[in-house]
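A single structure is presented below for examination.
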């Protein structure tokens, strides 16, 4: 069975209250944001000494720029257009 990938996303680990990861962050003494507006899937909210927030942001940028390139988007638009055109006949 072949699955065609047409959508992909990336997200940050969340350290909301009552989540195991939050206890791990607190236990290790890592800095954690207290700004609840940042608690979403796009912002690093704690500092991991092994993987700085700037590096995570750069990796996400590279990932999205490569995956959602203009070429990829145009290919998907053309596929959808061709599919609609062929089913309309």
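For 47, 54, what ranking results if the residue with the fewest other Cβ atoms within 10 Å of its Cβ goes first?
Fewest to most other Cβ atoms nearby, the residues stand as 54, 47.
Assuming 1.567 mPa s and 4 °C, estimate D for region 20-88 with Stokes-Einstein, Rh taken as the Kirkwood radius over Cα pairs, in µm²/s.
For these conditions, the coefficient is 84 µm²/s.
Moving on. What list do you get for 33, 69 if you sort them by fewest beta carbons within 10 Å?
69, 33
Here's another thing I want to ask about it. Using a 10 Å cut-off around each Cβ, can you sort 60, 75 from fewest to most neighbouring Cβ atoms?
75, 60
Read-outs: derived from the displayed coordinates by stated rules, not from any lab. Everything quoted here is computed from the prediction, not taken from an experiment. Cβ sites come from the backbone with ideal geometry, for glycine too, and all protein chains shown count toward neighbours.
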